[in-house]
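J.: Here's a structure for you.
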Amino acid sequence: MASRFGKAGARFLYKSRIFFAPFAARELHPEYDMIPLTTPSLRGRECAAAIEAALNQPTKLAHSLHDAVTCLREEEFSAVLLDQSLLETDSDQADVVEQHLGTATPVYVNCAISGTPRVIRELRAALHRRNKEATVARKAAEQVSHSELRECLTAMLLDCEPALALPNLPPQARDKIRAVDRMAHQIAEKVEIEEPAVAHS
């Protein structure tokens, strides 16, 4: 009984970290809001300023793929604007950029040909798709985590009462089990998990 109880508690603590991790990540990574723009175009600075004004997101200008790789190594981003002219002239370095994108969404543009409004539209559309996909993925992950939390909490709640009924249970162990039982009930209530019915003999 004690072994099963301990394993359930360990599973609960592990699953609870997974459940709340996405919420903590959003607070710990404000740099995701920055947009790097990689282009050799003389209009790059103008385009970066326009993006900042239109999307209210800081834009980091890089003039080469090498600079883009350095930027990607230092930080993480939600999206990366890449000038197609650079990718076509240096395919090897373009591969290195692709390897360092991480979770960033690449947006391919041509600042020398496309007007700034078009670049902004394409970036806005890419960010919208990314946010929509992230929302769907997050909800799916939360549902899975919620189900796993329910399983762990159920095991803990079902084990606590029989454990407390064990004969000759040391007072210190009884106090600890009661504390875990209270915690499990409180968490079950907060995450809206129905408490299991405990069969009485």
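The values are calculated or read from the model by the stated rules, or taken from the named source; none is laboratory data. Everything numeric here is computed off the predicted structure, so don't read it as measured data. Glycine also receives a Cβ, built like all others from the backbone with ideal geometry; neighbour counts cover every protein chain displayed.
J.: Among the residues of the stretch 96-105, are any small (Gly, Ala, Ser) and either outside any helix (DSSP H, G or I) or touching a His at 6+ places or on another chain (Cβ under 8 Å) (or both)?
T.: Checking the stretch 96-105: at least one residue is small (Gly, Ala, Ser) and either outside any helix (DSSP H, G or I) or touching a His at 6+ places or on another chain (Cβ under 8 Å) (or both).
J.: One residue is enough: does the stretch 20-27 have a residue meeting the conditions under 20 Å from Met183 (Cβ atoms), modelled with pLDDT under 90 and crowded, with 17+ Cβ neighbours inside 10 Å?
T.: No, that holds for no residue.
J.: Here's another thing I want to ask about it. Of the residues Val107, Val69, Val97, only one is at pLDDT 90 or above, within 21 Å of the chain's Cα centre (by Cα) and closer than 22 Å to Cys47 by Cα; which? Outline the logic, then answer.
T.: Details: Val69 fails: within 21 Å of the chain's Cα centre (by Cα); Val97 fails: within 21 Å of the chain's Cα centre (by Cα).
Only one candidate passes the filter, namely Val107.
J.: Tell me yes or no: at least one residue of the stretch 98-111 is small (Gly, Ala, Ser), surrounded by fewer than 17 Cβ atoms within 10 Å (Cβ to Cβ) and touching a helix residue (DSSP H, G or I) at 6+ places or on another chain (Cβ under 9 Å). Give the steps one after another, and end with the answer.
T.: Initially, the stretch 98-111 is screened for residues small (Gly, Ala, Ser), giving 102, 104.
Right, trim to surrounded by fewer than 17 Cβ atoms within 10 Å (Cβ to Cβ) and you get 102.
Add one more test, that the residue is touching a helix residue (DSSP H, G or I) at 6+ places or on another chain (Cβ under 9 Å), and what stays is 102.
Yes, there is a match, as at least one residue in the stretch 98-111 is small (Gly, Ala, Ser), surrounded by fewer than 17 Cβ atoms within 10 Å (Cβ to Cβ) and touching a helix residue (DSSP H, G or I) at 6+ places or on another chain (Cβ under 9 Å).
J.: Examine the stretch 136-147 for a residue that is in contact with a helix residue (DSSP H, G or I) (Cβ under 6 Å, 6 or more places away or on another chain), more than 30 Å from Leu61 (Cβ to Cβ), assigned to a helix (DSSP H, G or I) and not charged (D, E, K, R), and state whether such a residue exists.
T.: Yes, the conditions are met somewhere in the stretch 136-147.
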